[in-house]
Amino acid sequence: MTLTVRVVAPDKTVWDATAEEVILPSTTGQLGILTGHAPLLTALDTAVMRVRPDSNREWIAIALMGGFAEVENDEVTILVNGAERGDKIDLEAARNAYSQAEAKLNQSANANRQEQIQANQAFKRARARFQAAGGMV
């Protein structure tokens, strides 16, 4: 048996296919989803989800920019603010964006609360893209 997995962002559908296994970055930790999983609704963090299309293939990384996931009857529906497949992300550009976001986050320690929150969100987005592109293990 397989799961039907859909990753939908406001501007596009990033993934719409079957999979053997999915690992979701929920706000409370990572969740592994296999066929027969109990019904579930969870908030997703800005991080990387992983999909294994079949038992013989490699994992596919998808950077998620926060959202929600619903699991029911072997269907996984993921609605997110933004998403990007790791194999479509330029690794060097992602590395540079990550370094810049990290530096800005470190500099924001002396900034006001709003600037700290913005720097943290930008850092999480850059880290997710960099990880999905294969830049971090």
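The values are calculated or read from the model by the stated rules, or taken from the named source; none is laboratory data. What you see is a predicted model, and the numbers here were worked out from it, not measured in a lab. In this analysis, Cβ positions are derived from the backbone assuming ideal geometry, glycine residues included, and neighbour counts consider all displayed protein chains. These accessible areas exclude ligands, DNA and RNA; they are computed on the full protein's heavy atoms, side chains included. Shrake-Rupley method; radii C 1.70, N 1.55, O 1.52, S 1.80 Å.
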For this session: Just give me the residues in segment 5-64 being among the acidic types (Asp, Glu) and part of a strand (DSSP E or B), in sequence order.
Result: 16, 21, 45
Seminar exercise, completed: Checking 105, 64 in turn, the sole residue that is under 21 Å from residue 26 (Cα atoms) and either assigned by the TED database to the domain that holds residue 33 or in contact with a helix residue (DSSP H, G or I) (Cβ under 7 Å, 6 or more places away or on another chain) (or both) turns out to be 64
Exercise. Residues of segment 39-59 being touching a Lys or Arg at 6+ places or on another chain (Cβ under 9 Å) and either at pLDDT below 95 or under 12 Å from residue 14 (Cα atoms) (or both), which ones?
Worked result: 58, 59
Seminar exercise, completed: Residue hits (segment 106-137; surrounded by 17 or more Cβ atoms within 10 Å (Cβ to Cβ) and not in a helix (DSSP H, G or I)) are 133
For this session: Please determine, by comparing only the residues of segment 69-86 that are surrounded by fewer than 15 Cβ atoms within 10 Å (Cβ to Cβ) and more than 11 Å from the chain's Cα centre (by Cα), which one is farthest from residue 11 (Cα to Cα).
Result: 73
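Looking at segment 77-125 only, could you name the residues that are among the aromatic types (Phe, Trp, Tyr) and in contact with a Leu (Cβ under 9 Å, 6 or more places away or on another chain)? Step through it out loud before you land on a result.
Kept after step one, since they are among the aromatic types (Phe, Trp, Tyr), are these residues of segment 77-125: 98, 123.
Selection gives 123 alone.
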Problem set entry | Positions within segment 1-46 being open to solvent by 20 Å² or more (accessible area, probe 1.4 Å), among the hydrophobic types (A, V, I, L, M, F, W, C), touching a residue at least 40 places away in the same chain (Cβ under 8 Å) and within 20 Å of residue 84 (Cα to Cα), in sequence order | 8, 14, 15
Problem set entry | Hey, residue 35 under 19 Å from residue 10 (Cα atoms) and among the polar types (S, T, N, Q) or not | no
Exercise. Which numbered condition trips up residue 92, out of (1) assigned to a helix (DSSP H, G or I); (2) loosely packed, with under 14 Cβ neighbours inside 10 Å; (3) touching a residue at least 12 places away in the same chain (Cβ under 8 Å)?
Worked result: (3)
